[in-house]
1. Quick one: in region 761-775, of everything that is modelled with pLDDT of 85 or more and surrounded by 24 or more Cβ atoms within 10 Å (Cβ to Cβ), which residue is farthest from residue 488 (Cα to Cα)?
2. Quick check on residue 14: is it surrounded by fewer than 24 Cβ atoms within 10 Å (Cβ to Cβ) and in contact with a Leu (Cβ under 8 Å, 6 or more places away or on another chain)?
3. Which one of these is at pLDDT 90 or above and either under 28 Å from the mean Cα position of the chain (by Cα) or closer than 29 Å to residue 1099 by Cβ (or both): 600, 549, 540, 573?
4. Select, from 766, 757, 714, the only residue that is in contact with a strand residue (DSSP E or B) (Cβ under 9 Å, 6 or more places away or on another chain), under 22 Å from residue 485 (Cα atoms) and of a type in the set (Lys, Arg).
5. Do the conditions hold for residue 682, that is, is it at pLDDT 90 or above and more than 30 Å from residue 1118 (Cα to Cα)?
6. Identify the residue in region 957-1007 that is among the charged types (D, E, K, R) and within 18 Å of residue 1028 (Cα to Cα) and, among all such residues, is surrounded by the fewest Cβ atoms within 10 Å (Cβ to Cβ).
7. Quickly run through region 523-553 and pick out the residues that are surrounded by fewer than 22 Cβ atoms within 10 Å (Cβ to Cβ), under 22 Å from residue 591 (Cα atoms) and not small (Gly, Ala, Ser).
Amino acid sequence: MQFLHPEGDGVRILSLDGGDARCFSQLLILEELMHRLEYDHGRPVRPCEFFHSITGVGAAGVIAIFLGVLDMTISETMEAFIGICEKVFAPDPCDDRLRSERLVLATRKILDKLNVAHDTRLGGDIDRSAGCRVSICYSSASISGCRMFRNYMSKQPSYNPTIVEAVSACWATPGLFSSVYIGTPPQREEIISAVNGFNNPALQALQEARDLFGPNKPVSAFLSLGSGKNRPVSIHSDRFLHDTVQQTEITEENIEREFGHSGVYYRLSPEYTTQSGSFDILDNQFGSINSYTRAYLERAAIIRSVESFLIASTRTSNVDLTFKGKARPGKLVTGLGQVPTTVRLSREERSILSDLKVKGIDSGSPLQGCMPDFMHKQFLFWLEILSISQRVNMGSNMLLLLIDWILPHSHPEAVEFARDMHKFVVTFASPISQSVAHIYLSALPFSPPVSVVWKQYIPEYAHTLTFQSGGLSYWPVVWHVLTGHDAEVNAVAFAPDGKRIVSGSSDHTIRVWDTETGAAVTSPFKGHRAWITSVKFSPDGKRIVSGSDDQTIRVWDAETGTVVASPFEGHSDLVTSVRFSPNGKRIVSSSTDKTIRVWDAETGAVIAGPFKGHNDSVTSVGFSPDGKRVVSGSEDETIRVWDTETGVVLAGPFRGHNHVVTSVGFSPDGKCIVSGSYDRTIRVWDAETGVVVTGPFEGHSDWVVSVEFSPDGKRIVSGSDDKTIRVWDAKTSVVIDSRFEGHDGSVNSVGFSPDGKRIVSGSDDKTVRVWNAETGAIIAGPFEGHNESVMSVDFSPDGKRIVSGSGSEGPNIRIWDAETGAVVAGPLSGHNGSVMSVRFSPDGKRIISGSHDRTIRVWDAETGSIIAGPFKGHSDWVTSVEISPDGKRIISASDDQTIRVWDANTGAVVSGPLQGHDESVSSVGFSPDGKRIISGSHDQTIRVWDAQTGAVIAGPFKGHSDWVTSVGFSPDGKHIVSGSDDQTIRIWNVETGEVVAVPLQGHDGSVSSVEFSPDGRRVASSSQDKTIRVWDIKTSAVITGYCKSHGNQPSSIGFSSDGKHIASSTWEGVIGEGDGLSQETLDLSSFPPNFGDSLKVEDGWVLGPRSELLFWVPPALRLGLNLAKNVLIITKDIVTKPDLTSFVSGKLWNLCKTRRDPKS
């Protein structure tokens, strides 16, 4: 048996605290470590081949013997340890002598099982091919101090006891066990356990390692395992327990203080509360230890520490056993919550970490000289420190201070670099705060290639993500998408310092988030019995006020979530809005009971009001900056300004909106008021006269729900039911930042950060989002022009054009350039109702259309003029049209339950009406040879007709359990594909009507359109679940993954003639196009075999086959992310295809640092 890594790579040291049965937790932690090593190395790993030295005391000394001397596995050691405890601490009465005898017998039984003789000595008698060194702490009964048993030769004198003697000595606590006598007279010595005084043997473990390997030996990792805190399981007296725990914690603090900076020292110790005293309920004790330890190992911080330890153990550090030297990058892991202070940064550079956040930097600072080195070499290492010390949320402000300092001292290039560093941190704070590795596996590769940080650092990391297509072109608008609420987010607000965000939801809870990382910083605040309608921080950031549909107001401690003031009661209907006064002493509230009240923030007493005057619900209120006035908006379409003390109306009602006023607020100087309304406009008013100063601001396509001035008063942010956010110039009403898009529901609440650089929004889509307020550019646009739902689309035969028909009453057919999205013809006028179906002729020169006006028309594809029609005959809506392969006939389906075949030139009925369906015919199509017609109907059946005679030649095909919505022939004419409202797709044999493949299932909504690819190997489907999927016919598997389409329901799809593109339409009037379906043109090697098709996405993380974190995806790229081997994305968002060819993940992430070939 050999070590996983040779000693030359740095030694690995394990120190085990004493603790009786509590030490079982150490085995659970080691079990987790060994499990991960087994996964990485493909075989079971024993601790004796991983750790170069193991030191233990008390019961942990027994564990050290089992693991390091007897080479036992973790499971074997667990079984042996529990067996000893059951024998020694049986519930029957027992004195110290009998307990010691039982311990000896139990130990011998374990040796028998291993075929080890009872007189085998600790050192020298067992072949240690792996070479693990074990040292056991013990004490003399007559002289205080810690001495060592060893299984190796040492320059320090020591006994070499038998294994049975060593185990007995480990447990030999006076009063519980008999003393152990070792040696021969007259040197015979009484031995006791060293747990009293040396329960944490980390210092002894370090000294042993120095003696063994020499003080200059490099250290890979030093792991110290505690055995729990807070009244742990113990058989000792309370005083003994207190002394032992106290000594353990003192030792831990001393080691952290001396070695925590090293970057190689790790301390893990679960906290649990279990019953002290006897072991009468030993089984329950072990159960409790197991439960608490498992929970401890599931903590995010502990997971990070375990991962970091395993990574550290594979690498050689610059730290030797004197713990001098510099920690290596990537290994800056310390005890939990401790901050490393020695890294590969100069003293001046380290001051950025420690001093920049608390004091300014004068012009004579030495930072100027080291700044280039920090930016160009150390920036990512500095982020490691922030990640490991859990201070990523400080990084943004620290860099802003850095930018302020270098502006007068540096060249523009340095300023640009610093600003890029700041964008890097705010964009990727979430993954960086969760894992050091994802500085390199997620943040760096997903940075825009135009960014300075990407250009500087990416050449050093060859084995991280690359992209076949997509990625960020520039820094994204949205920085965080915060998920956690179970219902609509109705209110959001920044804390006064900008570091936290509060949100209130219809799920009755309030949550507080870290602005930088997006992490929830507290548990949800619970207490309200109905929807939370409004939330706001107090001016000092220590309290949060909330209003609710339960008619009450509550004030919460912002840190703990405890209610600091009893529910404020007085309103007789739901509370719509709440705000603190500027001095934090008062709270104003509004309600659908048409009143406004002012409350004492401490006592909840009403100190002014109710203010009456509005004739309908009061929707929004706010204090003026001086606290002397209150502004209110109402469903009566007016705005009023009140005296805070007396409730007298000082100004108003302001009239101008012609619908509900939803949101109001004062400007920072108190001179103006902004308002938003259901009339889709925003207005700025003079706060004294009520004159409209600016506006109306027009642009939103639905209700304006929330508005707010920026801190400097120059901008206004608005959120709308149209799912967008806009930023306006407060003086000119011009949109100065384009739409902020991403929410999938109404934007209910918006607000600026105190520095005006960020915007927070809450939405019906249950998310909170944080945006860059300074860049609002639209990432990618749809083809827009239709004012109503786009019902049908089709590619021209050469793939260069797309025709679309919409649900509008006016001109409703358009022809688009498939590459640019430009309208090349139309809108075409002629139909008097919605156009439900459009198709190009086989030569691309004509377009046919069917409409709700019951007619079919033929158009010139170049000029848009009508060249035939209208064809009349149907008595109800025309739902579907198709042209024959030779272009001479047109087939149509209708809600009148019939099908008709027309002469494409004259409009004469060639065949039909074809009758047989019992309900509306929803879809029709010609066979490739033009001799047959297929139809699908709301009667849940499919029929095949003779195109000449109209006779049914096959069918009805039955199997769908709901309306058949779409049908089509395969290119060879042998099969039929159908889609249905039953959410399935079926493939049928056209001759027999038999289903030739299992139903294709996966859509979560009605299937609206289906079509075979030109090669017949695939089927594309669109659904009301807002996705488009491409299926492999042979395997019935989805070969494209989950593809979001437009954020709305796709109503129609169509393949291009080469099969490389799909056009889609949606109910929202948007046309999209997807690329890259051809298997022949894609590099399928971009996904290594070990990933297969098992990748999935949760909360922005791409997970591997074992649900391990692979990489994090920025919110702006998630809708367009494709992880399948064959690529299709139908979306107006960025289409991103990762290339994992050289990607390293998991415990091997540190291998990503290999310089790229400059040519690649």
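1. First pass over region 761-775, keeping only residues modelled with pLDDT of 85 or more: 761-764.
Then drop every residue that is not surrounded by 24 or more Cβ atoms within 10 Å (Cβ to Cβ), which leaves 761-763.
Details: 761: 12, 762: 8, 763: 6 Å.
In this case the residue turns out to be 761.
2. Against the criterion (surrounded by fewer than 24 Cβ atoms within 10 Å (Cβ to Cβ) and in contact with a Leu (Cβ under 8 Å, 6 or more places away or on another chain)), residue 14 does not qualify.
3. Values: 600 fails: either under 28 Å from the mean Cα position of the chain (by Cα) or closer than 29 Å to residue 1099 by Cβ (or both); 540 fails: either under 28 Å from the mean Cα position of the chain (by Cα) or closer than 29 Å to residue 1099 by Cβ (or both); 573 fails: either under 28 Å from the mean Cα position of the chain (by Cα) or closer than 29 Å to residue 1099 by Cβ (or both).
Selected residue: 549, the only one of 600, 549, 540, 573 that is at pLDDT 90 or above and either under 28 Å from the mean Cα position of the chain (by Cα) or closer than 29 Å to residue 1099 by Cβ (or both).
4. Details: 757 fails: under 22 Å from residue 485 (Cα atoms); 714 fails: under 22 Å from residue 485 (Cα atoms).
Exactly one residue qualifies, and that residue is 766.
5. The answer is yes for residue 682.
6. Applying the filter and picking the extreme gives 1004.
7. 526, 529, 531, 543, 549, 550, 551
Here's the yes/no breakdown for (1) closer than 22 Å to residue 832 by Cα; (2) out of contact with any Pro (no Cβ under 6 Å at 6 or more places or on another chain); (3) assigned to a loop (DSSP other than H, G, I, E, B); (4) without any contact (Cβ under 8 Å) to a residue 24 or more places away in the chain:
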position	(1), (2), (3), (4)
868	yes, yes, no, no
875	yes, yes, yes, yes
880	yes, yes, no, no
892	yes, yes, no, no
924	no, yes, no, no
929	no, yes, yes, no
936	no, yes, no, no
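The values are calculated or read from the model by the stated rules, or taken from the named source; none is laboratory data. As the structure is a prediction and not an experimental result, all values here were calculated from the model. Because the Cβ atoms are built from the backbone with ideal geometry, glycine has one as well, and the counts that use them run over all protein chains shown.
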